[in-house]
Amino acid sequence: MTTEKKGWFAFAVILGIFGVLTATLQLSSRDKLYQLALDREASSFAPNLSNLQKSVEEDFLEEDLLFMDLAMENLIHSENDYLEEIALRSLEIQEVIGVFAFDRKGELIELPTNSTRQAANSSRTKQLKEKPYDYLLSQGKPFSILYPIGEEAEMGFLELLIKTAPLLAERNAIEEEILEQGLWAFAIGAGLLFLIFRILLTRLLRSERDLLVKSINLKKANLRLSQACKTAGVGAVTAHLMHALKSPLMGLKNLKLDSGERMEATEENLRATTRKIENLITQTLNTLKECDLNDESYSFEAKEVLNLAANQFNSEESGTRVSVIESPCSLQTIDNLKANLILPILHNLIQNSLDSGPDVKVFLLVELKNESLSICVRDNGSGIPLEMKKNLFKPIQSQKENGSGIGLAICKELADRANATIKLDKSTDKGTSFSIAFSVV
């Protein structure tokens, strides 16, 4: 699914949620308004009943005084007489279509006006001690309003039954008004949401296109950079081969073809030099192949790498001039990419040490320092001259016969390709120590 489709889908979901919220608010508002309308209708009859109550009390008071003067106390009006009279007069109110009366205990009082309609439940009268009236509107029944008569319902209760037609008309008008307002609110809100969403989506799509273009350009730049790095790595390995071949080639150039008894020794020298050249070329080709594949497909133990480097210089004729010192870190693994780049570095460092004197010995050691694996190349030679230390890893004029002066510069380039660092740890008249450090996972 594209970004634009996802965006429109999200907009539809948001619009749906907005519609649900709008409908919920409208329904809540409709119920509250309708409840207010019923409450207003119920409270509108309270003044009429209050006036009727006062009128009945005044009329009955005059009659009761007259009965007392005539010593006819048995004719004095009771509370039920008051309640019945108020009920009968409440029928004169235009909207009233029925009346029921209840005594203080909530018992129904028989009235000549009682209709076939069902009276209120007596339980409703108990709630009126805390409220001025109670109303109830049921489907298919008149609007019922229950009022207390007298202070704290001392006379009883009256239930007025009101016509529902005006209430239903008002409810329909409220529903129509709420529906119209809801539709307008939803339409305006949806329009604003669409406008805002459209602007944001347009900006997002523009940013996505710009990001896609930048990603393509970055990918091309990374490809060019990768090719440049690979070319630099191949160049460094090739430069190492050229540098390493110089010594055996010079040996071949200076080799004199003797006859007689020394002919066999000469042939052996030729074969040894040829094997050395062949090994250098094979090693270089393998390194170039690993660099081209750029795949960490296997690994070496650190001591294996050191032994491979040492075996290139140890032979039966020359003896053991390069020794590998065992250490707890010898079993640390090195991936094939790093190993094939570190081997030429070790070759150059060992060759430089051995060229410094016929009695020089070289020692190879692996150490673990600050979560980095460090391969140390130490010798017991006479050290590096002070003037060479300043530009040690830069191409300089070599002080060795037939030297090119670029060996350590090639080592630095190879170390960079292997994400490693090479440095001179120390150099005195008692020996020199180099280290090649790289991180281990």
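Observations
- Take the Cα of Thr2, step 7 Å toward its Cβ, do the same at Leu192, and the gap between the two points is 3.1 nm.
- Charged neighbours of Arg104, selected by a Cβ distance under 10 Å, balance to -4 (K, R count +1; D, E count -1).
- Counting other Cβ atoms within 10 Å as a rough exposure proxy, the listed residues His77, His347 run His77, His347 from fewest neighbours to most.
- In this calculation the C-beta distance from Ser215 to Ser433 is compared with R0 = 35 Å, giving a FRET efficiency of 0.15.
- Three-way shape call for the stretch 45-163 based on the alpha-carbon gyration tensor, with the a/c threshold at 1.5: prolate
- On the basis of the beta-carbon distance and an R0 of 35 Å, Glu63 and Asp31 show a calculated FRET efficiency of 0.15.
- Shown is the FRET efficiency for Glu175 and Thr333, computed with R0 = 60 Å from the Cβ-Cβ distance and rounded to the nearest 0.05: 0.15.
- Working ranking of peptides 382-393, 134-145 by packing, defined as the average number of other Cβ atoms within 10 Å per residue, highest first, is 134-145, 382-393.
Read-outs: derived from the displayed coordinates by stated rules, not from any lab. The shown structure was predicted, so the numbers you read here are calculated from the model rather than taken from an experiment. Glycine gets a Cβ as well: all are built from the backbone with ideal geometry, and neighbour counts include every protein chain shown.
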